[in-house]
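Notes follow once the structure below has been shown.
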Amino acid sequence: MTVKAIFFDAYGTLFDVHSVSEKCEQFFPEKGMQISEVWRQKQLEYTWLRSLMDRYEDFWKVTGDSLIFALKALDLQASQEIRSALLNEYLRLKAYPEVREALELLSNRKLAILSNGTLQMLNPLVRNANLTEAFNDVISVDELKIYKPYMGVYELGTAKLSIDKTEALFVTSNPWDASGAKTFGFQVCWINRNNKPFDELGVKPDLIVRDLEELANILQ
């Protein structure tokens, strides 16, 4: 496997989207993880639907709308102040514990984030995790106004790093994203943190690991 550049998905791969459950729990005891799970699922669905309908709104708007849905679906009443407090947690998502060390081990290659998030959402996460120096670039779909797994998003990554897709590795914890990247022609690593089955979409990842530390050890 020749890997000259590595693209990382952000949400669920580098940063734990369910770290928002702690703040959800503060406002809605015993409902924190349930809110987070519905919120995340609807967030993803809205990106796919908006891409199919050609009705792009940026990821901050999508994340806010999906939070409103999650609260309604669970019959939870929340003021604008509470919704804002929960939404702002997406600017403070926690990096997974192995991320920083793994990126250091992989630093002899070009490294970039390729994400659905806007730069206004991604940059604070990178700064808060002290990862600013780890990446050659942080790339957002907002430049194209369409979400992954649109093929043009993955192509944008190769253009930004001036790399051939066959010499790049795409790393994600999201099976649908891994399938999109593999269809585009990337080498793909799926981070399977929770021992789940891979999607049945006619493609498979080249590597399956439990976390980024395992990937870094393989590529060393």
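In table form, for the structure just shown:
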| read-out | value |
| --- | --- |
| Any pair with Cβ under 7 angstrom, 6 or more apart, that starts in region 1-17 at a residue that is on the phi > 0 side of the Ramachandran plot and ends at one that is part of a loop (DSSP other than H, G, I, E, B) and buried (at least 22 other Cβ atoms within 10 Å of the Cβ) | G12/S173 |
| Conditions (1) assigned by TED's automatic domain parsing to the domain that holds D65; (2) surrounded by 14 or more Cβ atoms within 10 Å (Cβ to Cβ); number of the one not met by V126 | (1) |
| Listing of helices (runs of 4 or more DSSP H) fully contained in region 19-93 that carry 1 or more residues being within 21 Å of I139 (Cα to Cα) | 32-53, 59-73 |
| Boolean, A112 is in a helix (DSSP H, G or I) and of a type in the set (G, A, S) | no |
| Lone unmet requirement of (1) in contact (Cβ under 8 Å) with a residue 12 or more places away in the chain; (2) surrounded by 14 or more Cβ atoms within 10 Å (Cβ to Cβ); (3) more than 13 Å from the chain's Cα centre (by Cα) for E25 | (1) |
| Residue match in region 153-163 (condition: among the aliphatic types (A, V, I, L, M), closer than 29 Å to K196 by Cβ, buried (at least 20 other Cβ atoms within 10 Å of the Cβ) and touching a residue at least 60 places away in the same chain (Cβ under 8 Å)) | no |
| Test: D54 is charged (D, E, K, R) and either buried (at least 16 other Cβ atoms within 10 Å of the Cβ) or touching a Ser or Thr at 6+ places or on another chain (Cβ under 9 Å) (or both) | no |
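Residue-wise test of (1) surrounded by fewer than 18 Cβ atoms within 10 Å (Cβ to Cβ); (2) under 22 Å from S19 (Cβ atoms); (3) out of contact with any helix residue (DSSP H, G or I) (no Cβ under 6 Å at 6 or more places or on another chain).
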position: A134; (1), (2), (3): no, yes, no
position: D142; (1), (2), (3): no, no, yes
position: Q187; (1), (2), (3): no, no, yes
position: E214; (1), (2), (3): yes, yes, yes
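The values are calculated or read from the model by the stated rules, or taken from the named source; none is laboratory data. Please read these numbers as outputs of a predicted model, since none were measured by experiment. Cβ atoms come from the backbone with ideal geometry, glycine included; neighbour counts cover every protein chain shown.
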